[in-house]
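Let me begin by presenting the structure, written as structure tokens, before commenting on it.
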Amino acid sequence: MTNPGLAQSYARGATDVPLIEQTIGDFFDAMAVRQGAREALVSAHQKRRFSYAALQAEANRLASALLRSGLVPGERVGIWSHNNAEWVLMQLATAKAGLILVNINPAYRTSELEYALNKVDCRALVTMARFKTSDYLGMLRELAPEYAHGQAGQLASSRLPHLRSVVWVDEAGVGADEPGFGRFSQLMASGDAADPRVAEVQRTLKATDPINIQFTSGTTGFPKGATLTHRNILNNGFFIGEAMKLGPADRLCIPVPLYHCFGMVLGNLACLTHGSTIVYPNDGFDALSVLQTVQDEKCTGLHGVPTMFIAELDHPRFPEFDLSSLRTGIMAGSPCPTEVMKRVVSDMHLSQITIAYGMTETSPVSCQSSIDTPLDKRVSTVGLAQPHLEVKIIHPESGDIVPTGVSGELCTRGYSVMHGYWEEPARTGEAIDADGWMHTGDLATMDAEGYVNIVGRIKDMVIRGGENIYPREIEEFLFRHPKVQDVQVVGVPDTRFGEELCAWIVTRPGETLDEDDIRDFCKGQIAHYKVPRYICFVQGFPMTVTGKIQKFMIRDEMKAQLGLEEEKTA
């Protein structure tokens with residue numbers, strides 16, 4: 001895999017299995033021929049099931065409908081929805097029709113939606129009608145009141161000048177019509193599963209064609225549209241599934257959102273490239289429905305971010321469920337606390353769970369452990385460089401590769417690096433250097449065997465009185481306290497030391513903790529300068545839909561609470 005006894009923090013993944021040079025549509029069609037009768041998709045909350053042959057037919061029907069609606073290969077089609085069968089059908093159909101699927105975060109509100117649709121000139125949008133407190137169609141009408149008098153497929157609006165068609169996901173004929181908007185069931189009915197034009201278009205497509213745009217949620221500035229190709233995400237999904245040793249007998253429970261790479265690549269494409277079954281437990285995350293679905297569907301795999309696994313493990317009804325069918329899955333999205341990983345292995349039967357690390361711009365996975373990785377490496381690292389990829393760790397200022405064991409910025413190069421940020425060559429050039437290396441902004445170390453450990457974000461590192469402190473280290477330590485359920489550590493401004501540590505702690509249900517308990521726990525165990533000065537007990541953390549903790553929001557809230565100001569620099 002990698003060279004043992006590395007002296008420098010550089011490693012290259014294996015190349016014995018060749019890269020796939022097909023499009024997603026062609027690869028999926030070949031899988032459907034081989035696995036036609038096997039179950040491809042179970043959407044538990046919708047009570048819908050598809051064999052590979054049925055999913056192929058429906059994807060062809062939808063691709064036909066999209067092309068018949070006047071869309072042209074290369075145009076952008078948005079999807080604004082939580083997890084459902086329609087989402088994966090759109091993923092496959094747009095790939096077959098040569099359309100670029102634009103993933104829109106279901107948490108977006110009007111201004112964010114307006115920005116995303118206009119940024120990439122979306123011509124059509126498929127959306128949920130409503131979800132809990134989110135009224136998606138209402139938000140569209142707020143942005144474009146003209147739609148109330150528009151004709152489906154021929155919409156015109158001053159604020160959304162490129163959008164011509166909005167289709168809402170319905171339950172075949174259920175619910176009142178929405179003026180100006182089409183129904184998904186009607187769109188499907190307008191297509192033909194045997195339409196020869198779908199195959200004709202597929203033949204013109206190349207693996208290097210852009211096929212997907214995902215908006216990266218930066219902490220500052222407007223989101224950037226990371227543009228990914230068939231080759232990017234199809235290969236990444238395949239090698240992710242290889243690390244998990246997926247096969248046709250596997251059934252993967254996917255509670256992570258599809259609009260993000262975790263759901264659509266580590267989930268959908270990992271399954272579809274191995275003839276495995278995709279299982280959606282619900283439209284949005286719900287710990288109880290995950291436990292129920294794993295038991296009912298005898299799932300062999302389960303994905304999640306650490307906060308999801310914590311919610312499942314600590315659910316009061318957890319002991320009622322039979323999870324013995326589980327063996328593998330992926331924990332990713334944010335650093336995995338070692339103690340949580342151990343509980344997942346012991347209490348959820350996930351003896352072959354893997355850890356994956358990556359970013360949207362690298363399709364997304366750069367490093368992953370496999371089911372064969374020794375447990376101590378699986379709980380303490382993010383694994384080795386993925387096949388056909390190179391990773392290196394460099395000094396953030398000099399750019400030189402650092403020795404093993406020394407922290408620096410992680411960089412990735414290979415097939416997985418994005419096509420670029422949509423129509424933003426300058427920002428693309430800031431992220432990808434002249435030699436093709438994607439600079440992640442993450443701080444990492446590499447050991448002599450090539451295993452990578454993420455120690456934080458370059459921007460998250462706390463410098464207290466000249467001492468570099470990595471919040472991840474403090475979090476891992478505090479996780480050992482038996483009454484701590486979850487913890488996040490950030491730096492806040494301090495006039496004397498430059499920065500001080502602040503810990504936000506979620507206490508286990510039914511337990512009580514105070515600041516003195518935490519300080520006593522730290523005493524004599526970690527250096528005094530690593531003991532958080534500020535300790536707050538909270539119910540939860542601000543986070544994105546995908547479970548990424550928004551540390552900048554914790555920092556901003558503490559600054560406001562404590563009346564702290566950033567030190568002015570010349």
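The values are calculated or read from the model by the stated rules, or taken from the named source; none is laboratory data. Everything quoted here is computed from the prediction, not taken from an experiment. A quick note on method: Cβ atoms are made from the backbone with ideal geometry, for glycine too, and the neighbour counts reach across all protein chains shown. What goes into the accessible areas is simple: the full protein's heavy atoms, side chains included, and nothing from ligands, DNA or RNA. Shrake-Rupley method; radii C 1.70, N 1.55, O 1.52, S 1.80 Å.
Within segment 481-511, how many residues turn out to be open to solvent by 20 Å² or more (accessible area, probe 1.4 Å), closer than 23 Å to Leu564 by Cα and of a type in the set (Asp, Glu)? Selection size over segment 481-511: 1. Assuming Asn103 fulfils every condition listed in (1) farther than 13 Å from Asn268 by Cα; (2) surrounded by fewer than 24 Cβ atoms within 10 Å (Cβ to Cβ); (3) in contact (Cβ under 8 Å) with a residue 60 or more places away in the chain apart from one, which condition is it? It fails just one condition, (2).
Scanning segment 30-46 for residues that are free of Cβ contacts under 8 Å to residues at least 24 places away in the same chain and either open to solvent by 50 Å² or more (accessible area, probe 1.4 Å) or of a type in the set (A, V, I, L, M) (or both) turns up Ala30, Val33, Ala37.
Could you grab me the full set of residues in segment 170-187 that are in contact (Cβ under 8 Å) with a residue 24 or more places away in the chain and open to solvent by 30 Å² or more (accessible area, probe 1.4 Å)? Within segment 170-187, Gly175, Glu178, Pro179 meet the criteria.
On inspection, Asp283 passes the criterion of being assigned to a loop (DSSP other than H, G, I, E, B), open to solvent by 10 Å² or more (accessible area, probe 1.4 Å), over 25 Å from Leu234 (Cβ atoms) and touching a residue at least 12 places away in the same chain (Cβ under 8 Å). Taking segment 138-154 as the range and being aliphatic (A, V, I, L, M) and buried (at least 21 other Cβ atoms within 10 Å of the Cβ) as the test, the residues that pass are Leu140, Ala144.
Inspection of segment 271-279 finds no residue satisfying the criterion of being aliphatic (A, V, I, L, M), open to solvent by less than 10 Å² (accessible area, probe 1.4 Å) and modelled with pLDDT under 95. Only one of the numbered conditions (1) at positive phi; (2) over 26 Å from the mean Cα position of the chain (by Cα) is not met by Ser69, and that is (1).
Restricting the first member to segment 405-429 and to residues that are without any contact (Cβ under 8 Å) to a residue 60 or more places away in the chain, and the second to residues that are assigned to a strand (DSSP E or B) and of a type in the set (Phe, Trp, Tyr), the beta-carbon pairs closer than 9 Å and six or more apart or on different chains are Leu410/Tyr357; Thr428/Tyr421.
When restricted to residues that are part of a helix (DSSP H, G or I) and closer than 17 Å to Gln386 by Cβ, segment 237-263 contains 9. Of all residues in segment 47-73, which are surrounded by fewer than 16 Cβ atoms within 10 Å (Cβ to Cβ), under 18 Å from Tyr280 (Cβ atoms) and in contact (Cβ under 8 Å) with a residue 12 or more places away in the chain? Scanning segment 47-73 gives a single hit, Arg48. Go through Gln550, Gln525 for me and flag whichever is among the polar types (S, T, N, Q) and open to solvent by less than 80 Å² (accessible area, probe 1.4 Å). After applying the criteria, what remains is Gln550. For Gly25, the conditions (1) open to solvent by less than 10 Å² (accessible area, probe 1.4 Å); (2) touching a Ser or Thr at 6+ places or on another chain (Cβ under 9 Å) all hold with the exception of (2).
Which one of these does Glu112 not meet: (1) closer than 21 Å to Lys132 by Cα; (2) open to solvent by less than 10 Å² (accessible area, probe 1.4 Å)? So the condition that Glu112 fails would be (2). Among residues of segment 461-480 that are under 26 Å from Leu513 (Cα atoms) and open to solvent by less than 30 Å² (accessible area, probe 1.4 Å), none has a beta-carbon under 9 Å from a residue that is at pLDDT 90 or above and among the hydroxyl-bearing types (Ser, Thr, Tyr) at least six positions away or on a different chain.
Hey, any hits in segment 488-498 for a residue that's in contact (Cβ under 8 Å) with a residue 40 or more places away in the chain and either closer than 23 Å to Glu312 by Cβ or in contact with a Ser or Thr (Cβ under 9 Å, 6 or more places away or on another chain) (or both)? There is at least one residue in segment 488-498 that is in contact (Cβ under 8 Å) with a residue 40 or more places away in the chain and either closer than 23 Å to Glu312 by Cβ or in contact with a Ser or Thr (Cβ under 9 Å, 6 or more places away or on another chain) (or both). Restricting the search to strands (runs of 3 or more DSSP E) fully inside segment 476-570 and requiring at least 1 residues that are closer than 30 Å to Tyr108 by Cβ and charged (D, E, K, R) gives 484-494.
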